[in-house]
Structures are given as C-alpha cells and as structure tokens.
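Engineer: Can you keep this structure in mind? I'll have questions shortly.
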Amino acid sequence: MNLEGQTALVTGGSRGIGRAICVQLAEMGANVVINYAGNKQAALETAELCKAYGHGVLTLKADVSKEADWETMLQTIQEHFDSIDILVNNAGITKDKLMMAMKEEDFDSVIDTNLKGTFLGMKLVSKLMIKKRYGRIINMSSIVGLRGNAGQVNYAASKAGIIGMTKSIAKELASRNITVNAVAPGMIGTDMTAALSDKVKEEMAQGIPAKRVGTPEDVAYAVAMFAAKEAGYLTGQVLCVDGGMAV
Ligand code: NAP
C-alpha cells in the first residue's frame, strides 16, 4: 500500500486522530496537507512528524464550514502539488448537552463543522478528482452516528448525516474511479474525550469488548486501508473502529 507521488488533504490534521492519519499517510509515501482551524502550533508539530518521511508537507488554516476558506485552501494546494488524490474529512467538534438545554447555536455549529464541512470538502475536492479520474475520499463518522448518545443529539445527527452522504456520493462518483467511505470510531483517546474523568473512561473501557479505549493510530490504519489504490472496488462502506462496541 504505497502512496508515493500522491497528495492527501486531511482536515483537522493538527491534533488527535487527524494527526495520526497525517503521519500514517506520510509514512506510506504521500505528500500531506495538514488543515487546522486555529491551533497553528499543533499543526506545525504534526508537520514535523510528517517531514521525517521525506515527502511534501503543507499546513493550511481554513474553517471547513466556510466555502470561501475551502476555495482558498484548494487554490494554495494546487500551487504546491499537482492535485489531490486522497481527501480525509476528519475535522469535527462536539458541543454536548441534553436536548432541553441545547441552544440553537450549539446545534448549528456542530452541524456546520461536521456535516456541512464534509459536504463542502467532497463537493469541491471531487471536482479535482474527476479531472484526474482518480480519488479516495474518507469521511470521519462515529459509532454515535449509528447508535445515538444521550447529550449528543447535534453530534449524532452530524455523524449519521455523514453516513448518508458517504453512501450517496459513493453512488455518484463510483463510475469516475473515486471511492467514498466512512470510518466510525468508538471511544478514542484524544483532546475530544480528555474532558471525561479517568474513572468514567475506565468504566467505558469495561463496556468495550476489547477492554480498552482506542488510539488515534487504530483509526489511522483503517483510513490508510481505504486510501490505498488497492481499495478501488471498496466504496460506500462504513467501517467501525471501536474494539467491538457496535457489534
Ligand atoms: P480533536 O482532538 O478535538 O481534534 C479536532 C481537530 O479538528 C483539530 O485538528 C481541529 O483543529 C480541527 N477542527 C475543528 N473545527 C474545525 C474547523 N471548523 N475547520 C477545520 N478544522 C477544524 O478531535 P479527535 O478526537 O481527533 O476527532 C477527530 C474526528 O474523529 C472528529 O470528526 C470526531 O468527531 C471523530 N471521532 C472522534 C472520536 C473520539 O473518541 N475521539 C470518536 C468518534 C469520532 P485545531 O487544532 O486548529 O483546533
């Protein structure tokens, strides 16, 4: 599974799962574009880790929920690299509250970043992929999108929506040699889950058949599998990376 000569754009590549994906794809030989929202220091740290593999690395700040930011980002990428072969729509946020306490802006911001951001990425990057007649799109869902979760109605809606979009766009782009798949992680140890106490994490881990919280690298391996050129007949799929939680 060699990605030499290919370019990957990973949204939310500065930290957590996105960082592990960037490093994994760089290790496989890809040029990597690390998108981030505001944490430049973290993006530069990811860039250093990727540079160790000797391929092209670029860090770009852009809010994935804004079409104008996408346009600027894609323009810059094309000035540095040929095109984009692999798009990983990984950027995501949570604003957890029980429904009765959830404000309109909590709902809108999560939908805008997670769902609309993924839609904009697929729409704009697939234009470049169609010209090349090649592409791999991987969208970051969650088992919360499959099973729901109290306190996460906004997040669950965004992640379930990503699954619907993944299947729809897989059908639209399959004849163009572009695959579209989703990864649905379970409980992964990142900043997103850091707010939970060790006790809660331990209790949650006991409910996972694998008896441990996942690592960002666990998710990155699954993304790498979908990103490979060998995975050309694999599209519209949702792969749970959850230690057996959703089984
Ligand atoms: P994280 O550690 O909180 O990192 C979030 C990343 O998204 C950061 O790189 C952040 O950039 C970026 N980001 C946030 N809003 C953005 C925006 N509007 N535009 C561009 N980038 C933006 O999260 P994580 O745990 O690695 O999660 C990554 C993805 O996996 C998310 O889609 C999440 O929903 C999904 N997921 C996570 C888990 C889990 O247990 N952790 C489980 C299932 C699914 P800055 O660094 O600049 O802020």
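Engineer: Less than 17 Å apart at the alpha-carbon level, and either on another chain or at least 8 residues along: which aspartates and glutamates does that give for Lys211?
Structural biologist: Candidates past the 8-residue exclusion: Asp198, Glu202, Glu203, Asp242.
Engineer: How big is the gap, in Å, between the Cα center of the range 25-100 and the Cα center of the range 197-239?
Structural biologist: Between the Cα centres of the range 25-100 and the range 197-239 lies a distance of 20 Å.
Engineer: Ignoring ligands, DNA and RNA, how do His55, His80 rank by accessible area with a 1.4 Å probe, largest first?
Structural biologist: Heavy-atom accessible area, descending, gives His80, His55.
Engineer: Taking the chain, how much of its Cα-Cα pair set, in percent, is spaced more than 31 angstrom apart?
Structural biologist: The calculated P(r) of the chain puts 17 percent of pairs beyond 31 Å.
Engineer: Let me ask something else about it. According to the Cα gyration tensor, what semi-axes, each the square root of 5 times an eigenvalue, does the equivalent ellipsoid of the range 20-97 have, listed from largest to smallest in whole Å?
Structural biologist: Taking √(5λ) for each Cα gyration eigenvalue gives 21, 16, 11 Å.
Engineer: Using a probe radius of 1.4 Å on heavy atoms only, what accessible surface per residue do you get for the chain? Whole Å² is fine.
Structural biologist: 46 Å²
Engineer: Here is a further query. Rg and Dmax of the range 54-164, using alpha carbons, in Å: what are they?
Structural biologist: Values for the range 54-164 (Cα only, Rg and Dmax): 15.6, 51 Å.
Engineer: Quick one, can you get me the convex hull of the C-alpha atoms of the range 135-247 expressed as volume per residue in Å³?
Structural biologist: Spelled out: Cα convex hull of the range 135-247, divided by residues, is 100 Å³.
Engineer: For the chain, what is the calculated [θ] at 222 nm in deg cm²/dmol (nearest 500), taking -39500 (n - 2.57) for each run of four or more DSSP H residues and dividing by its residue count?
Structural biologist: -14000 deg cm²/dmol
Engineer: Given a cut-off of 28 Å, name the pairs among Lys51/Lys159; Lys40/Lys66; Lys51/Lys97 whose C-alpha atoms lie farther apart than that in the structure shown.
Structural biologist: Listed pairs above 28 Å: Lys51/Lys159; Lys51/Lys97.
Engineer: Looking at the chain as a GNM with Cα springs under 10 Å, which of Asn154, Asn39, Asn90 has the largest mean-square fluctuation?
Structural biologist: Evaluated over the chain, the most mobile residue of the options is Asn39.
Engineer: In a Gaussian network model over the chain where Cα atoms closer than 10 Å are linked, find which of Ile178, Ile130, Ile143 has the largest mean-square fluctuation.
Structural biologist: Evaluated over the chain, the most mobile residue of the options is Ile130.
Engineer: Further, regarding this structure: Relative to the first principal axis of the alpha-carbon coordinates of the chain, what is the inclination of helix 216-227, with its axis defined by its Cα atoms, in degrees from 0 to 90 and to the nearest 10?
Structural biologist: 40 degrees
Engineer: Which percent of the accessible area of the chain is formed by carbon and sulfur heavy atoms (probe 1.4 angstrom)?
Structural biologist: Here carbon and sulfur together make up 53 percent of the probe-accessible area.
Engineer: Would you kindly calculate the translational diffusion coefficient of the range 53-98, applying Stokes-Einstein with the Kirkwood radius from alpha carbon pairs, for 37 °C and a viscosity of 0.692 mPa s, and quote it in µm² s⁻¹ without decimals?
Structural biologist: My calculation gives 257 µm²/s for D.
Engineer: Let me ask something additional. Taking a 23 Å limit on the Cα-Cα distance, which of the listed pairs Lys127/Lys167; Lys167/Lys201; Lys61/Lys201; Lys127/Lys229 fall beyond it?
Structural biologist: In this structure, Lys167/Lys201; Lys61/Lys201 exceed 23 Å between Cα atoms.
Engineer: Rounded if a/c is under 1.5, else prolate if a/b beats b/c, else oblate: with a ≥ b ≥ c from the C-alpha gyration tensor eigenvalues square-rooted, which is the range 130-189?
Structural biologist: Here the range 130-189 falls in the prolate category.
Engineer: So what does Val238 come to for accessible area, using a 1.4 Å probe and Å² rounded to 10?
Structural biologist: 40 Å²
The values are calculated or read from the model by the stated rules, or taken from the named source; none is laboratory data. Just so you know, these numbers come straight off a predicted model, no measurement behind them. Note: accessible area is taken over every heavy atom of the protein model, side chains too, but ligands, DNA and RNA are not part of it. Shrake-Rupley method; radii C 1.70, N 1.55, O 1.52, S 1.80 Å.
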